[in-house]
1. Working only within segment 10-56, note down all residues that are of a type in the set (D, E, K, R), more than 18 Å from residue 74 (Cα to Cα) and either open to solvent by 50 Å² or more (accessible area, probe 1.4 Å) or in contact with a strand residue (DSSP E or B) (Cβ under 6 Å, 6 or more places away or on another chain) (or both).
2. Considering only residues that are closer than 18 Å to residue 64 by Cα and either of a type in the set (Asp, Glu) or touching an Asp or Glu at 6+ places or on another chain (Cβ under 6 Å) (or both), which ones fall in segment 8-34?
3. Name the pairs: first residue in segment 50-64 and under 12 Å from residue 28 (Cβ atoms), second residue of a type in the set (Val, Ile, Thr) and surrounded by 12 or more Cβ atoms within 10 Å (Cβ to Cβ), Cβ to Cβ under 8 Å, at least 6 apart or on different chains?
Amino acid sequence: MKQCTHADALPAPEPVPLGETCPECLRDGTHPVQLRLCLTCGHVGCCDTSPSRHASEHHKESGHPVMRSFEPGESWRWCFVDHVLV
């Protein structure tokens, strides 16, 4: 089973969220479907179900590998590089 090779390098404690919602969606006037928190820098972006997929775009632009759900009651993490739940 494939494992994430990036989780051990994440900052502790995890970064403070830079906002309460996706700033790119606010800028563009779109509605984020689900939110994700970058565990490297604290960027909040919308998921791949949202029209613009800003969390994935953040990964592509920054190279930051792991994000977690920023939805109430959810704590799962995803590694964009290894394509696995962490």
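The values are calculated or read from the model by the stated rules, or taken from the named source; none is laboratory data. Predicted model only: the values in this text are computed from it and were never measured. Heads up, the Cβs are rebuilt from the backbone with ideal geometry, glycines too, and the neighbour counts pull from every protein chain shown. For accessibility, only protein heavy atoms count, side chains too; no ligands or nucleic acids. Shrake-Rupley method; radii C 1.70, N 1.55, O 1.52, S 1.80 Å.
1. Initial filter on segment 10-56 (of a type in the set (D, E, K, R)): 14, 20, 24, 27-28, 36, 48, 53.
Next, only the ones that are more than 18 Å from residue 74 (Cα to Cα) stay: 24, 27-28, 53.
Once the filter is applied, which keeps residues that are of a type in the set (D, E, K, R), more than 18 Å from residue 74 (Cα to Cα) and either open to solvent by 50 Å² or more (accessible area, probe 1.4 Å) or in contact with a strand residue (DSSP E or B) (Cβ under 6 Å, 6 or more places away or on another chain) (or both), segment 10-56 yields 27, 28, 53.
2. Within segment 8-34, the first condition is being closer than 18 Å to residue 64 by Cα, and the residues that meet it are 8-19, 22-24.
Within segment 8-34, 8, 14, 24 meet the criteria.
3. The qualifying pairs are 50/30; 50/33; 51/30; 52/30.
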